[in-house]
Every structure is written in structure tokens, then in C-alpha cells.
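No value in this document is a laboratory result; all are computed from the given coordinates. Model, not experiment: these values are computed from the prediction. Quick reminder, even Gly has a Cβ in these numbers, built from the backbone with ideal geometry, and neighbours come from all protein chains shown.
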Amino acid sequence: MTTGGRSGLAIVGGGKIGEALLAGLVRQADASGPGPGDIVVVERSGQRAAELTDRYGVAAADLAGAAGRVRVLLLAVKPQDIDTLLGLLAPHVTADHLVVSVAAGVPTRRIEALLPAGTPVVRVMPNTPALVDEGMSVLSAGTHATESHLDEAEALLAPVGRVRRVPESQQDAVTALSGSGPAYFFYLVEAMIDAGILLGLPRTLAADLIVQTALGAAVMLRDSGEHPVQLREAVTSPGGTTIAAIRELERHGVRAALIAAIEAAHDRSVALGEDR
Ligand SMILES: NC(=O)c1ccc[n+]([C@@H]2O[C@H](COP(=O)([O-])OP(=O)(O)OC[C@H]3O[C@@H](n4cnc5c(N)ncnc54)[C@H](OP(=O)(O)O)[C@@H]3O)[C@@H](O)[C@H]2O)c1
């Protein structure tokens, strides 16, 4: 990660997602990515900065110090804090820097508008399973970001899960699918555990059965190469229990409800983007 004389990475905002990315990078440090010696954290709270430096063996700096030392500035602050941060950062950003933002729903044009003209910006939509190295991160290039900038951003996200690239126009759909997606699965699991309770199982047993079943089904979906319909048909025997359940799901319009829910998430993402 060296270009134009600078190298290294600053993680600006060491909260939940900032720490997850930091932990992933430090754990998987090798020749291809930055190690602890190449990483600087920037935090508002000195106490939080000290926790992160102790835990991961990285350095802490203020914005000016970090920007003077590293090439890639990874912004992991809340969307409502991003404008203030960019205002503070802008005087220290040069043509050598790459800015990577994980702030949900913040368009690259808004980031670019607050930074020096020509600054390469990559926008990322991560999701919470990044906290357990099973994230889905989706990248989009801003006006001045090249394929090689996207490669650099991808190397930062790859240690905590899978990475895909899309045109920024698809980010609202991505937000509705993988960004909010973990919540839909948590909701389904919650409802299925309730069904176990209704049938008289202890809550811990019901939770164990459903969580492991969700995990097993997810691994089959990922690894078998088969379409979800094929996998479902394989466990749906004639006159059996599964088809009785599927009939109820269809009767209650669960498929249509999921499609409408994800469409609503997309529309909300568009509306939030327009407000900003
Ligand atoms: N959590 C996720 O899994 C997830 C998923 C998708 C996208 N994201 C995106 O990731 C971003 C961070 O989310 P999060 O959940 O990690 O938030 P978080 O836990 O609140 O972390 C943000 C951190 O940034 C610090 N901060 C704010 N302004 C700063 C500044 N000017 N300089 C240095 N540090 C600053 C905050 O300090 P204070 O506590 O003092 O404010 C806080 O420690 C958000 O934009 C969110 O949309 C997160």
C-alpha cells in the first residue's frame, strides 16, 4: 500500500465497524496488506484511542498527524458526523490520498464536495456480520477513483468477509439487501423461535435448533452451487410436513411481504440520500 511516497492506513473513527476492520487487518496482516506498524487510529476520545492502541499494537494520531503519515484514510464515523469530520480533514488531504468511507448512505459526491478537487473517494456499504468476519461489503468508485483505488479498498475489507463492486447507482438496492439484510434474518429467526415456544419447547432449545438450522442452510446456499428452489424442493416430500408449512407461508403472502419490505428499505435509502 505505497504510492507517491506515502504508505499505510488511518482508521478514522474506532467504533464498532472501525474496530472490526482494524481487528481483521491486524489478524490477517501479511505481505499484501498493512500490518499494525502501518496503521494509525484517529479517535475523538483519548481513552478509546488508548484501548485500541493497546489491543492491536497500532499507533494513535490526530487527523493532521495521520494524514501526514498515511496514504489511505478510512472514514468509519456515523453519517451525521461525516460533514464535520470532512471539514476538519480537508486541509490535510493531498493528491496522494485515497479516502474510503463506510458511512451508510453518504454519496461520494457529498464527500468529494467537501474535499480538495480531484480526491479519489471509494464508498463502501458493509454489514454487521463483518464483526464476525462474515461481512458483505459492496464498493463503489467516486468520480476520481480508479480500478486500482478499488483494489486498495477491497484489500482493506476482504479480511472481514466478501467484497463486491457495483456502480454507485445500485447502492440503495445494496443497502436494502445486504446492508439491512441481517435484520431480516434476525427477525425470521425470532419468529421461528416463537413458534418453538408455542409448540412447548424451552426457549434455549428452540433458539439452538433454529440458529444452527439457519447456519447450516446458509452454508448449503453458499457452498452447494444449487438454487434455493432446488434446495427447498429436496426437503419437500409429497404429502409431508414441509409442504404443509410452505402452503401456510404462501397463504400468508410471506414472499410478497419480503419483496415489499426490501422495496420499502430501498425507497427509504433513496429518501435519506436526498435529505443529505
Ligand atoms: N456497525 C456496523 O456494522 C455498520 C454497518 C454498515 C455501515 N456502518 C457505518 O459505519 C460507520 C460507523 O458505524 P459504527 O457503528 O462503527 O459507529 P460508532 O460505533 O459510533 O463509531 C464511530 C466512532 O467514530 C468516532 N468519531 C466520530 N467523529 C470523529 C472524528 N471527527 N474524529 C475521530 N473519531 C470520530 C466516534 O466517537 P464518539 O463515540 O466520541 O462519537 C466513535 O468512536 C457509520 O457511518 C455506519 O453507517 C456500520
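Assorted remarks:
- Shown in residue order for the range 137-143 are the 3J(HN,Hα) couplings computed by the Karplus curve 6.51 cos²θ - 1.76 cosθ + 1.60 at θ = phi - 60°: 10, 10, 9, 9, 8, x, 4 Hz (x for Gly and Pro).
- Taking every DSSP helix (H) stretch of at least 4 residues in the chain, weighting each as -39,500 (n - 2.57) and dividing the sum by the residue count yields a mean residue ellipticity at 222 nm of -15500 deg cm²/dmol.
- Remark: the range 2-171 carries a charge dipole of roughly 220 debye about the Cα centre, counting +1 on each Lys and Arg Cβ and -1 on each Asp and Glu Cβ.
- Overall, the range 86-189 carries a charge dipole of about 260 debye about its Cα centre when +1 sits on the Cβ of Lys and Arg and -1 on the Cβ of Asp and Glu, all other atoms neutral.
- Farthest positive-ward along the range 2-171 dipole, Cα basis, beta-carbon charges - from Ile39, Ala20, Pro107: Pro107
- Taking every full run of DSSP H in the chain, the ones that stretch at least 24 Å from end to end by Cα along their long axis and average 0.0 or higher on the Kyte-Doolittle scale are 181-198, 203-223, 254-275.
- Listed values for the range 116-128 are Karplus-derived 3J(HN,Hα) couplings in whole Hz (6.51 cos²θ - 1.76 cosθ + 1.60, θ = phi - 60°), namely x, 3, x, 5, x, 10, 10, 9, 10, 9, x, 9, 5, and x replaces Gly and Pro.
- Other-chain or far-sequence residues with amide H under 5 Å of Thr119's (modelled H): none
- Full-extension gain in nm, Ala95 to Gln170, via 0.36 nm per residue minus C-alpha separation: 24.2 nm
- For the range 181-274, with +1 on Lys and Arg beta carbons and -1 on Asp and Glu, the positive-most of Ala245, Leu221, Tyr184 along the dipole: Ala245
- Approximating the spin labels as points 7 Å out from Cα along Cα→Cβ, the Tyr187-to-Thr213 distance works out to 2.0 nm.
- Global dimensions of the chain from alpha-carbon coordinates: Rg and Dmax equal 21.6, 69 Å.
- The phi torsions of the range 92-104, fed into the Karplus equation with coefficients 6.51, -1.76 and 1.60 and a -60° offset, translate into couplings of 9, 8, 10, 5, 6, 7, 10, 9, 10, 10, 9, 5, 4 Hz, rounded to whole numbers, with Gly and Pro shown as x.
- Compared with the direct C-alpha span, the chain from Asp83 to Ala244 gains 52.7 nm at full extension, assuming 0.36 nm per residue.
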